[in-house]
Each structure stands twice: as structure tokens, then as C-alpha cells.
Amino acid sequence: MIPKIYNQVEMPPPPPVMALDRSSVFPSLAGVTDIIASSIPSLAGLATSLRGSAPSAPSPPPSIDSMANSIAANIPSLAGTASAVANPPAAMLNSASFNTAGHTVSLDSIVSSFANIPSLAGIVSNVANPSVSSITTPSAPPPSLPGIGDAHTDVGALSQLVMLTLDPNTGVSLPSLQEAEPSEEVCRRSPHTIKEENPYVTLLACWASQEEADTDSSNEEDDTGASPAPSGAEGPMEGDPAHNTSSTTTNLPSNQAGRLIPMRPAPPPPPSQLKKPLRQKMPRTATIRVSRKKGAVGGAAPQSAVVRSGWLDVWKGFRHNVLWATLDGQLMSLWKKRNDRFSEVLFHVSSITNVKKQDKRRFSVYFRKKHYDFMAHNDEVHEGWVTSLLASRGQPSPATPELLGAITMKDTRSRAFAALWGHDLWIYHSKEAFQLGIASFSVPLNVASVKTTGKHSFSLITPYKSFSLSVDSTKDLSLWLDILSSTIRSALSCSQVALRLWENPDNKVCGDCGTANPEWASANLLLVICQACAGQHRALGSNLSKVRSLKMDNKIWTEPLIQLFVAHGNRLANQVWAPVVPAAEQLFPGSPDEERSKFIQDKYRRGRYRRVHHLTPSPALMDQRLRQVVCGDDVEETMSLICSGAKVCQTDLLSPSPILLAERANQALQTELLRLNEYTDIPPYLPQVANRSPDSAPSGEEDEELHGKLEEDRFLFSLENDSAACDVLDLREVLSVFLKEGPALQFEMVTLSDQLICAADNQEALLSHLVHILKVILPGGVSYAEVGGSSAVSRVRAIEVGGAPGQTDAWLLLWEDGVSVHPLLKNTLQPLSVDLSAVRNHEMDPSENIITMVTEDRRLALRFEEPHSCQSWFSHLQRALTNHSAAPPRPPAANHSAAPQPLYPLVGARGLVPPPIERCISHITHYGLKVDGVYRRCGLAAKVTRLVEALMTSPGSAPLEADEQGVLDAGAALKQYVRQHQQSLIPEAERLQWIQAAVISDERSRFSSYRRLLRKLPEDNRATLNALFGHFYMVQVFSQVNRMSAQNLALVLVPSLFQTLNQDLLTLTREFIIHHSLLFLTLGGEEEEEEQITVF
């Protein structure tokens, strides 16, 4: 009967019945009962009672039907067997029959059924063997169970358990607790002990629920974890063995029908079926504490049912990022910074297949089998995003794209997929991403132009960025160009004036909010604006902004005015009125009227973001400068003077007006600009409220404690140490950084709209954060010594350097060795460094935010962006000067022209090193030891020639630059100076002796000859060679970084030192570099000291 059932369920037959081998070792009773309790819930109570204390009266066993149903439900492989046992055919029940009172069944049948459990197969076969079993008939009472220490007594226990299940009338005496303590031998020999469970016996239903939880499908149902208990499960029934509270077995509840349900969680599946454990997606832990004023950052963006924006932590797979998310009801975009022009991720809401709300402020957005996981920083934001995304579901899909296909992004050298939707070109990571509806970004064609750049390539030019694209064939190129050009033309149907003004890419978007294709302008401010902003400009009054239409006001659009807009336009207007605006305060095309009005009033009426001319504190000097500038073609300075308050109308009848001067000089553009602004009423400059909102919070406002962490050029803030980010600061908005004095490990950051105090737990963490921020905000060419030693760093405008007026944006550093000025843009100002000891006078003008420092040979005047930075920087300067004067005198800086100490002292001799050589090697030692290929790579020829001339005339003021190119120029200048002006370092008459010394085979004799030749040189020559080779020794010490070994240095230096090149001189130069100390610092020693030479 049993094989037939196995055939029905396509399972292998049970193992053959074997005679009991007395040498076999069987599992312990506890191990067997655990397996039965896990696999057959209906026997769980009885198995537990065998392992625990014996009850006073055994509870009645379940019926055969109940047991069979339980086996069929929990062990699918025994379903057929259980059914056959519960309902056997009449022909198979000759020796035993089922009755409603006893429900007994043959022992062979039920024991054979247990053979399907692999863990019991061997044991069951022994129980079924009548030759060794002590139980022959169900009616006979079983013998008492021996102690657990017997390795073979578990067979009897299993037989007793089976008998109890089949016949409720049998009298069974269960083992007592005194016999439940396993011996050490049993624990060692038995594979199943009381204290160790088999973790791989589990329920298939639990495995299935775990697999469902791992899927990425958006159609999956919410998983509920482990299977819940059936209804009616209220704990153990009275009379059950599990009801005994003194037992160490886990309580087992039962349902109303008497079925026992295990409460312990299902163990994990076997290793072959285990999946990789899911990593918990958590934000990166914060690394520093941050304090700022509450509400210091701009207010929250407007939120509605389907319109929302804010910072979210985002996971794609396990890649984590913090992005600015926006939802407008149809499109959802993710941006790295809130003022970025091109997104990181972009999709239409119709591409979303599911939105699932998770715990811990998380939610997931699904796109078929792909999904993004999001995390909000509080419950309100979490609930708002889920609600908005669900409300936006059901939007119709956009129409089929007009053109699509594979392209190559030449900038990143990567393949992509492009689709033309309306007036936007959407760029996808791949074709698969296009099919899912997940784009990277879109390019607005209504502000773009297209042109061919190659056989298969073209450029798409926008006001924000130009894209170099290529396609696979000439045919594809022609198709893309035709359709893109047609789309751009359809988006630019406007007047000829507008088309001409839009030739300047900056004029293709509104100068205030960024709306595409603006059709209005503020003529006197050279600003192209949209219709919404034009209405707000009218509210400013015509005495400040003269609003004109590009389509209708044809008379005003003269040719000079059009040329002014084409040449300058929005770029110049915003360069003066809003060079930098905090990201939280920027205006966008969809901004409401209230925000638009406030921003335009702040920008023009209050001049909150304005950058004024450096002569603004003196109106008379400003008016005088305006009369000078209008006679030339510098429209940008004219615009800066006008917007800073210089008077265009004639104020002195005895002198000509600026307009008349421009006309006499035939400056048509200057004349047009002056005429438009003759009566413009510019708001006065108020430095005491610069960069501060008129409705800013009071000073006594409560501080907000945050946790911060740095990520590239961003500073992420969160409310908790490892929670989602609530705000993000673009480090390029930082105006100043100050290291705080005192025992607290803190530094202060001043931004366009806020002041933040950052506190670290130790000095190393403090410096690492400080250096990271300074590396982001400072321009290239700043040395690590300046960055690591800075105590005060501010962005300034250099208005006077060395007596020459100017307007150059720069960074001002106060560090341990002095003061440095580094321009933002190269070729606008040479980097400048001043030693603290050279500062003769310093003063601050708080009304103008200007600090002035005076040395013997120059005067520095620097204007700060806002008053707090000016005052803090001046306080740090005063403290540094006080500490410097109180400190013991130090040797002057190596690059100081009057340094009396030689760079590389020479023992027992005197001599002077030429100042140009000393200046160059000092500069390269300070800035260039780690520059790749120093002395091997060439400098800029014209610049090197000028440097050599400057070094000859005034070595101390020669314009040596600290960046990489500046180091290369200094190295080339040094070689050229030595080659042209120091030919007699080694007299030509003695060169043959030097070559002969280089070929001496014995090293001791060779070095002795070198010393003898050095002693014969003039003292100045010897001192110069000592300085040069000492410097070259330091360069080769860093050869792992700069790749300039002694051999490489010798190759590039021999032509300059000897005016020739051969192998012997290469060997000589290499040895002079490597053994500099041995050769130069022992010139006065005795011959015996030469025995101490060490060969490297």
C-alpha cells in the first residue's frame, strides 16, 4: 500500500527496513521530539510532555482525521499517505478497522508514513522491525522508559509516542523530570540535543513569504512576515502539557478544534535556498554637529495635493544620495542642487506602476520591476509625498515621441538614448530606461540652438550648458538636425527684435526667474524678462526700471540698444545686481506672485544682492571715474558705476556731462546706455544691511541643533544622527570660514543667508572638515600649507593692490605664516603673500566693510561681502599680529628677498647665493616638491622670459605663482637664469678635471677628487652649487610623487650647469644630488674623515 501512495505523489520509496545494528547511535529523545513538534503540529503537545515533566493524567490525543489533516497541511510530501491512513479502502483493513470511539490504526501503516521525514527514516525503520521492538501489539502496555543516558532507549520512547497517538485507552507512564538531564556523553554523541535545535526544519509557507518580500515587483502584495496564527488561537488549552508554566518548553496555543500551533518563529531555510541578507538602507551617519538659527533658511516651497518639493534621501539599489525632489502633478524630478538646471532623474507620473508606503518614514516608487526607495526627515513630509504621488496616479501618458534613437554623449564618452517630446529633448541612460520611462534630464529646445560639428556629430547649445552629441550615421545626423531645427523654429515664432536679442544665449531666459523665451525687457537695466516679471518691474516705477515689449515697442529698439543687449544683456545685468543669490531665495518660472514681488523688490529696490563699484563710498570719485570711463568702450564698468549711484545727469555746469563726453568720443553704445539712465533713481548703498533680509529674524531667536556630514561640494544636515537630510548647503555659497578660539573645537561658516557653528569631537575631525570645505571653495593654486594653517578665510573684492585701483574677486586667507590673496579668476590678479612681520599698519572701515593693510612696499584694500565677515576677519588679524609680536623671533620666510640666512649653509666657508636663484628654489621648495615632472616639464616661454627679467631687476617682487603652472614657470626660469648668467659656476678651464674625476672607478678616491675640486672654486660659486644641489636633493626625496629621481634631474640639469651633455657629467651630477651632504658639508674635514663615507 505504501509504495502505491508514493507513486501517486511522484516521490521515491521509503528506505528498506533493516535489522537494528546494536553498534548504531540514535538521536536523543529531545532531538526526535523537536523534529516531531516542528513537522507535525498535532503531536507537538505530546512530544513536549515527553521532554518535560509527566502530567498527572495524559490529555486525550487528537483524532486520526485531525492528525491526518495536520500532516497533509504541513507536510505536502505526506499528503497522500495521510489521506490513505485516514480513509483506507475496505479491502486493506482486514486486520484492523477504524471506529468512532478509538480511531486506532495499524502500527505498520503509521510508522511507515513517518519514513517520509528524512530525519526519522532510519529510526522508523528500526521501530517497524518486530524482531527488536519490545512492543508487539497496541493493547499491551509499554514497558517503562529507561534513562536517557542509554543510547538505544529512544527507540522505545518513539514507539510509546506512536502508541499513545493511536490508542487513547492505553495506559502510558511518561518519564519524569529527574530523568530529563542528558549526560555529557549523550550531548557529545547525539546529533540532536535538548539545547540545540535543527535550524533547517521549517515550513515551506514561511519560505514563500520571505521570497515574496525580496521581490522588486510593483504588483506584489504587502508582505506580512510570518504567517499569522489562525483565528481563535488564544493560548494553550487547559489540560495541555504546554499549560504547565513550570515547563521550559515554549507555550503552544491551540485553536478551537484542538490543533496545536507552534509559536516560535520559523527557522531559516537550508543553505542551498538562502538568499543574500538584505542590507538595511540607512543614511550615512553624521560626522559633525551644526548649530544655526531656526528659520534661517528660506521658507518651505508651496505644497499642495499634487505639487510638492523638498529634500529626500534616495536609494537606487544600494546607491544612496540626497536629492532635491520636485513634483508638479505630471513630472517628478530629482536634482543634486535645488538651483541646478539639469536633473539627475526625471519621469512622468504615468510611468509609475505602484507607490508603497513603508515604515521609518520611507516610501517606494515602482516602475514595473525597478523602483526607487525614498526616506523623508519627518512624518509630515513622508505623508505628504505619499499622498501627492498617489493623487497624481492615473495621468494619461504623453504622446508618442516625434523622434527617438541611440546617441553618444561626447563629453562623458557614453552611450545614451534620446527622445523628442514636444519642445524638450529627453536624455535616457539606455533604451531600457526609456522603456521604463525613467530619464536622466531634459534639454529645453525653446532656449537652444543646434549646429553641426562633425561628420556624425552636432552641438546643442543652451544658456546653461552645451551638449556635444553624435549619432551612428550621416543619415541619422541629417534626420536629427532637420527635426531639432524645425522644433526650435516652432518654439521661437516671435518678432525680429526678439530673435536678435536671443542671439545671446543669456537673453533666451528671463533674467529674474528663468522663464524661456522672454518677450519683455527693462531697457535701462539691459535685462530681458518674462511677462510675469515685467508686471513686477512696473511696480518698481519707471524711474528705476523702464519696461518695454520686444514685439510692440518698435521705436525704442535702436541699433545701439540692440547691440548693447546682444553684447551684454542679462549677463551684465545680473553680474551687477545679483552675482550670487542664495539657493533658497532664487526665483523660478513657477514661483507665485508673492515670491516674485518680494525677490524683485529685494534685488532692485533694496539692492540686497547688488555688487557695487569699489569707489561707492566716495560719490565724488565715482562721478569723476564715470566721466573717464565713458570715453572708452568699457560698458561693464559704466554699468557698475551707474548701478552703484554715479550721476549721469549734469551736476556741475562748469564741466561737460558724461553723455556729452561719450558723444565727443564717438562711443555710440556708451551714449545709448547713458541716455536711458540719465534720470534713473538708484537705491543708495547701505553696507550695514548688506546681504541681510529686511525681515530677518531677531537676534535672540532660538538656535537649531543639527547633525552634518560632508559630501563632495555639499553639506548635508539632518535632525538626527542617522536620519534623512532635512536641508543641504551648497558649499560654493560659503562667504567666510573662521576657526573659533578657545577650548571648544569649533569653526564658523558664513553663507549668503546664514551663520553656522560646526563643532567636532576631536582636533583631527575638526581639521578634516575644515580642510575639505576650504579645498572646495578656494581656487586652484592655494598651497596645502595655507589651507591646513588657515584660521580666517573670506571672499573679498580687492579694490586696491600696491596702489593700483581695481575690482577683482579674490579669497583672503590668514594663516600661520602670513596673509595671502588668491584671485578667483586667473590673469586678473597675481597671487600675493604678505608676512605678518611685514604688516606696518592695519585698519577697518566698518561702514564700508573694508580692511586696509599697509607694508613697506604696498597697500592692500579689501572689501568684504557683509559686515560680520569683515569684523571677524579683522579680529583674527589683530589676534595673529599680537601673537606674532609676542612670539620669539623666527628666521624670515624662505621667499623673503632680504633673508640674511643662506638656504643651505656651507660648513667652514663663506659665500653668497644670487638672489634670483635663492628666490626660485625657495618658491619651488614651498609649492612644487610634489608637482609631477618639475624641472622636466617646460614653462610658458614668454612668461619665463619675463620672469627672468623680473628676477634680474627685483627678485623679491618677481611674480612667481603658486599653482602648478607657476611652479613649472619658476623651474624653467631657474634653469634659464643659470644657463645664461651663471656660466662660470664651474670655470671652463677646470671642466676637464671635473670630467676626469667623474670617471675614477674607486668611489672613495672619486669623492675625494670632488671635494678637492669644490675647495678650489670661488666661495660664491661653491655656495651657489651647494644651494642648487641641496635643493635638487629635496626634489628627489619626493620622487615617488613628482617622478623626478636623481637620474631624471641630472638629465635635465646637466645642459644648464655644464652647457654640454655626456654620460660622465650625468654620473657626476647624479652623485652630487644623492651625496650632497657628504660632499658639501665635509669640505673642511681631514682625510681620515673620508673613511666614514657611506655608499647609498
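The values are calculated or read from the model by the stated rules, or taken from the named source; none is laboratory data. As the structure is a computational prediction, the values presented were derived from the model and not from experiment. Cβ placement follows ideal geometry from the backbone for every residue including glycine, while neighbour counts extend to all protein chains displayed. Heavy atoms of the whole protein, side chains included, go into the accessibility calculation; ligands, DNA and RNA do not. Shrake-Rupley method; radii C 1.70, N 1.55, O 1.52, S 1.80 Å.
Any idea how many residues of segment 781-810 are under 23 Å from Leu968 (Cβ atoms), surrounded by fewer than 21 Cβ atoms within 10 Å (Cβ to Cβ) and among the hydrophobic types (A, V, I, L, M, F, W, C)?
Qualifying residue count, segment 781-810: 2.
Are any of the residues in segment 595-609 assigned to a helix (DSSP H, G or I), in contact (Cβ under 8 Å) with a residue 12 or more places away in the chain and either under 21 Å from Arg795 (Cβ atoms) or touching a strand residue (DSSP E or B) at 6+ places or on another chain (Cβ under 6 Å) (or both)?
There is at least one residue in segment 595-609 that is assigned to a helix (DSSP H, G or I), in contact (Cβ under 8 Å) with a residue 12 or more places away in the chain and either under 21 Å from Arg795 (Cβ atoms) or touching a strand residue (DSSP E or B) at 6+ places or on another chain (Cβ under 6 Å) (or both).
Condition first: of a type in the set (S, T, N, Q) and closer than 27 Å to Leu862 by Cα. Can you find one or more residues in segment 560-571 that meet it?
Checking segment 560-571: not a single residue is of a type in the set (S, T, N, Q) and closer than 27 Å to Leu862 by Cα.
Determine the pairs where a residue that is over 22 Å from Leu824 (Cβ atoms) and open to solvent by 60 Å² or more (accessible area, probe 1.4 Å), located within segment 952-968, has a partner that is among the aliphatic types (A, V, I, L, M) and not in a loop (DSSP other than H, G, I, E, B) with Cβ atoms under 6 Å apart, the partner being 6 or more residues away or on another chain.
As it stands, the answer is none, since no pair meets every condition given.
The conditions are (1) part of a strand (DSSP E or B); (2) free of Cβ contacts under 8 Å to residues at least 24 places away in the same chain, and Asn883 fails exactly one of them. Which is it?
Tallying (1) part of a strand (DSSP E or B); (2) free of Cβ contacts under 8 Å to residues at least 24 places away in the same chain, Asn883 fails exactly one: (1).
Could you look through segment 577-594, keep only residues that are open to solvent by less than 20 Å² (accessible area, probe 1.4 Å) and in a helix (DSSP H, G or I), and pick out the one that is modelled with the highest pLDDT?
Only one residue tops the list, namely Trp577.
Among the numbered criteria (1) surrounded by fewer than 19 Cβ atoms within 10 Å (Cβ to Cβ); (2) closer than 30 Å to Arg606 by Cβ; (3) among the basic types (Lys, Arg), which one does Lys451 miss?
Against the list (1) surrounded by fewer than 19 Cβ atoms within 10 Å (Cβ to Cβ); (2) closer than 30 Å to Arg606 by Cβ; (3) among the basic types (Lys, Arg), Lys451 comes up short only on (2).
Among the listed residues Ala972, Ala942, identify the single one that is touching a helix residue (DSSP H, G or I) at 6+ places or on another chain (Cβ under 9 Å) and either hydrophobic (A, V, I, L, M, F, W, C) or at pLDDT 85 or above (or both).
Result of the check over Ala972, Ala942: Ala972.
Can you pull out the residues in segment 625-655 that are without any contact (Cβ under 8 Å) to a residue 12 or more places away in the chain, over 15 Å from His568 (Cα atoms) and either under 54 Å from the mean Cα position of the chain (by Cα) or open to solvent by less than 60 Å² (accessible area, probe 1.4 Å) (or both)?
Once the filter is applied, which keeps residues that are without any contact (Cβ under 8 Å) to a residue 12 or more places away in the chain, over 15 Å from His568 (Cα atoms) and either under 54 Å from the mean Cα position of the chain (by Cα) or open to solvent by less than 60 Å² (accessible area, probe 1.4 Å) (or both), segment 625-655 yields only Gln628.
Residues in segment 989-996: is at least one within 23 Å of Ala973 (Cβ to Cβ), out of contact with any strand residue (DSSP E or B) (no Cβ under 9 Å at 6 or more places or on another chain), among the aliphatic types (A, V, I, L, M) and open to solvent by 10 Å² or more (accessible area, probe 1.4 Å)?
no
For the condition without any contact (Cβ under 8 Å) to a residue 60 or more places away in the chain and over 26 Å from the mean Cα position of the chain (by Cα), what is the one hit in Leu403, Leu425?
Leu425
Select, from Ser485, Ser522, the only residue that is open to solvent by 20 Å² or more (accessible area, probe 1.4 Å) and in contact (Cβ under 8 Å) with a residue 12 or more places away in the chain.
The match here is Ser485.
Checking the conditions here, which among Ser875, Ser847 is of a type in the set (S, T, N, Q) and not in a loop (DSSP other than H, G, I, E, B)?
Exactly one of Ser875, Ser847 is of a type in the set (S, T, N, Q) and not in a loop (DSSP other than H, G, I, E, B), namely Ser875.
So which of Phe441, Phe434, Phe458 is aromatic (Phe, Trp, Tyr) and open to solvent by less than 10 Å² (accessible area, probe 1.4 Å)?
Phe458
For segment 411-424, what are the residues that are surrounded by fewer than 16 Cβ atoms within 10 Å (Cβ to Cβ) and either at negative phi or at pLDDT 90 or above (or both)?
Matches in segment 411-424: Asp411, Thr412, Ser414, Arg415.
I need every pair where a residue in segment 675-686 that is open to solvent by 20 Å² or more (accessible area, probe 1.4 Å) has its Cβ under 6 Å from the Cβ of a residue that is outside any helix (DSSP H, G or I) and hydrophobic (A, V, I, L, M, F, W, C), sequence separation at least 6 or different chains.
So the pair list comes out as Leu676/Ala523; Glu678/Val648; Glu678/Cys649; Asp681/Leu544; Tyr685/Val612.
Read through the list (1) small (Gly, Ala, Ser); (2) modelled with pLDDT of 90 or more; (3) in a helix (DSSP H, G or I); (4) out of contact with any Ser or Thr (no Cβ under 8 Å at 6 or more places or on another chain), then give the number of the only condition that Ala391 fails.
(2)
Every residue in segment 1030-1045 that is assigned to a helix (DSSP H, G or I) and open to solvent by less than 10 Å² (accessible area, probe 1.4 Å), please.
Matches in segment 1030-1045: Gly1030, His1031, Phe1032, Val1035, Asn1042.
Per-residue answers, yes or no, for (1) buried (at least 21 other Cβ atoms within 10 Å of the Cβ); (2) of a type in the set (Val, Ile, Thr); (3) over 30 Å from Leu929 (Cα atoms); (4) in contact with a His (Cβ under 6 Å, 6 or more places away or on another chain):
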position: Asn721; (1), (2), (3), (4): no, no, yes, yes
position: Ala724; (1), (2), (3), (4): yes, no, yes, yes
position: Val734; (1), (2), (3), (4): yes, yes, yes, no
position: Pro743; (1), (2), (3), (4): no, no, yes, no
position: Leu767; (1), (2), (3), (4): no, no, no, no
position: Ile777; (1), (2), (3), (4): no, yes, no, no
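Residues checked against (1) assigned to a loop (DSSP other than H, G, I, E, B); (2) open to solvent by 10 Å² or more (accessible area, probe 1.4 Å):
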position: Lys356; (1), (2): no, yes
position: Val365; (1), (2): no, no
position: Asp373; (1), (2): no, yes
position: Glu380; (1), (2): no, yes
position: Pro401; (1), (2): yes, yes
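Hey, Ala498 hits all of (1) touching a residue at least 12 places away in the same chain (Cβ under 8 Å); (2) open to solvent by 40 Å² or more (accessible area, probe 1.4 Å); (3) within 30 Å of Val566 (Cβ to Cβ); (4) over 32 Å from the mean Cα position of the chain (by Cα) but one; which does it fall short on?
Only one criterion is unmet by Ala498, namely (2).
Taking Val821, is it of a type outside the set (Phe, Trp, Tyr), over 22 Å from Thr751 (Cα atoms) and buried (at least 19 other Cβ atoms within 10 Å of the Cβ)?
Spelling it out, it is not the case that Val821 is of a type outside the set (Phe, Trp, Tyr), over 22 Å from Thr751 (Cα atoms) and buried (at least 19 other Cβ atoms within 10 Å of the Cβ).
Just checking, how many residues over segment 1029-1056 are touching a helix residue (DSSP H, G or I) at 6+ places or on another chain (Cβ under 8 Å) and at positive phi?
Number satisfying all stated conditions: 0.
Do we have Ser473 as open to solvent by 10 Å² or more (accessible area, probe 1.4 Å), at pLDDT 90 or above, touching a strand residue (DSSP E or B) at 6+ places or on another chain (Cβ under 7 Å) and farther than 19 Å from Ile600 by Cβ here?
no
Among the residues in segment 1010-1028, are any out of contact with any Ser or Thr (no Cβ under 7 Å at 6 or more places or on another chain), of a type in the set (Asp, Glu) and within 22 Å of Glu949 (Cα to Cα)?
yes
Quick test for you: out of Lys775, Lys826, pick the one residue that is outside any loop (DSSP other than H, G, I, E, B) and of a type in the set (D, E, K, R).
Lys775
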